[in-house]
Amino acid sequence: VGLVWGVLGLWCWCLAVVSFAAYFALVQGFFYGWFGMRMLFGMNWALLHHMLGGFRHFLWDTGHGFALNKVEWLVRANIIGSVILTILLWDLAYWVRG
């Protein structure tokens, strides 16, 4: 559900880019605000979590990782990895942005 709302927000931003300057400023102001930044952070986490889950399912499609201890390890790695990747991505974005 969070990714759907995030895509809707991305659609509004793309619409604002090709629209009026006042609408673009309004949308940019929202995404640079505290709520918009938290929403973007959550969307990044959900997207990375979903991506890592896809890798896990790909591994399962090859017939590996079905033992219960491996399943638990993969789930924990998915959660921890998505959090770490999200933080690294945002750190990189702030470093590039200056």
**Report entry** Sparse-neighbour loop sites [chymotrypsin sites (Phe, Trp or Tyr not before Pro); the chain; at most 12 other C-beta within 10 Å; DSSP]
**Finding:** 20, 66
Query raised in the report: Taking the simple approach of a point 7 Å from Cα along Cα-to-Cβ for both residue 96 and residue 21, what is their distance in nm?
Result: 2.7 nm
Report task. Choose one answer from 59, 47, 74: the residue with the largest mean-square fluctuation in a GNM of the chain with alpha-carbon springs under 10 Å. Result -> 59
Query raised in the report: With the other protein chains left in place, how much accessible area per residue, in square angstrom, belongs to segment 1-78 at a 1.4 angstrom probe?
Result: 75 Å²
Query - Total charge dipole magnitude, the chain, about the Cα centre, Cβ charges on Lys, Arg, Asp, Glu only, Debye to nearest 20 - result: 80 debye
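Give me the percent of Cα-Cα pairs in the chain that sit more than 16 Å apart, rounded to a whole number. Write down the numbers at each step before the final one.
On the way: 3134 of 4753 pairs.
In whole percent, the share of Cα-Cα pairs in the chain beyond 16 Å is 66.
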Query raised in the report: Of all the accessible heavy-atom surface of segment 1-50, with the other protein chains kept in place and a 1.4 Å probe, what percent is carbon and sulfur?
Result: 81 percent
Query raised in the report: Which value, in Å² rounded to 10, gives the accessible area of residue 96 with a 1.4 Å probe and all protein chains present?
Result: 110 Å²
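Are there DSSP H segments in the chain that both extend 27 Å or more along their axis (alpha-carbon positions) and score a mean Kyte-Doolittle hydropathy of at least -1.0? List them, or say none.
Numbers: long enough: 34-61 (40 Å, 0.35); 68-97 (43 Å, 0.95).
Those that clear 27 Å and a mean of -1.0 are 34-61, 68-97.
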Query raised in the report: Of 29, 54, 63, which is the most mobile in a GNM of the chain whose springs link Cα atoms less than 10 angstrom apart?
Result: 63
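Students sometimes get this wrong: rank 75, 7, 18 by accessible area, probe 1.4 Å, all chains present, largest first. Can you show the working numbers first?
Values: 75 55, 7 85, 18 120 Å².
The most accessible residue leads, giving 18, 7, 75.
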Report summary line: Under the 7 Å Cα-to-Cβ spin-label approximation, residue 55 and residue 5 lie apart by a distance in nanometres of 2.7 nm
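The values are calculated or read from the model by the stated rules, or taken from the named source; none is laboratory data. Model, not experiment: these values are computed from the prediction. All Cβ positions, even for glycine, are placed from backbone atoms using ideal geometry, and neighbour counts span all protein chains on display. The area values use the complete protein model at the heavy-atom level, side chains included, leaving out ligands, DNA and RNA. Shrake-Rupley method; radii C 1.70, N 1.55, O 1.52, S 1.80 Å.
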